[in-house]
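**Student:** I'd like to ask you about the structure that follows.
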Amino acid sequence: MLKMIAFDFDGTLAPTIPMVIDVFRRSVAPYVEHELTKQAIVQTFGLNEVGMVKAVAGQRWPVALAAFYQEYARAHLRVSAPYPGIVTLLELLQQQGVALALIT
């Protein structure tokens, strides 16, 4: 029997991946010395935000990371809804006594 399920937020519970790519490009690009293409950004996925920014910003990563977090928080205010069926799924799991966690 399932006791707990942990979900990632971006791209799992809500359609945020295009927003994440846009935010990353706009906030981190001023701190890198090359073009930040969509492919270059997507290649950093799997790392946490610190790792993602370090992978492209080098020594300037602390200021780039601060810019990313600031823009990321603002952009999430525009995320209006989860994927269809997600709320129903979470409610069903909760009714079944499954502990839910958000990892992001």
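None of the figures in this text is laboratory data; all of them are computed from the coordinates on show. All values reported here derive from a predicted model rather than from experimental measurement. Heads up, the Cβs are rebuilt from the backbone with ideal geometry, glycines too, and the neighbour counts pull from every protein chain shown.
**Student:** Find the relative contact order for the chain and round it to a whole percent, using C-alpha pairs within less than 8 Å whose residues are 6+ positions apart.
**Tutor:** After rounding, I find 46 percent.
**Student:** Shifting gears a bit: Candidates [x] 63, 29, 22; [y] 51, 25, 22; [z] 69, 27, 19; which is the computed Cα extents along the principal axes in Å?
**Tutor:** Matching the structure shown: [y].
**Student:** For segment 89-104, in order, what is each residue's ³J(HN,Hα) by Karplus, 6.51 cos²θ - 1.76 cosθ + 1.60 with θ = phi - 60°, in whole Hz (x at glycine and Pro)?
**Tutor:** 4, 4, 5, 4, 4, 5, 5, 7, x, 7, 6, 10, 9, 10, 10, 8
**Student:** Ok, one more. Amide H neighbours of THR16 under 5 Å, counting only residues 5+ apart in sequence or on other chains, H built in-plane at 1.01 Å?
**Tutor:** Under 5 Å from the amide H of THR16 lie the amide H atoms of GLY11, each far enough along the sequence or on another chain.
**Student:** Rounded to the nearest 0.05, what FRET efficiency do GLU71 and GLN95 give with R0 = 35 Å and r taken as the Cβ-Cβ distance? Could you check?
**Tutor:** Computed FRET efficiency for GLU71 and GLN95: 0.45.
**Student:** Placing unit charges on C-beta atoms (Lys and Arg positive, Asp and Glu negative, everything else neutral), compute the dipole magnitude of the chain about its Cα centre in debye, rounded to 20.
**Tutor:** It comes to approximately 100 debye.
**Student:** Need one number: nm distance between label points at THR88 and VAL50, each 7 Å from Cα along Cα→Cβ, rounded to one decimal.
**Tutor:** 4.0 nm
**Student:** If each of GLU33 and PHE7 carries a label point 7 Å out from its Cα toward its Cβ, how far apart are those two points in nm?
**Tutor:** Output for this residue pair reads 4.3 nm.
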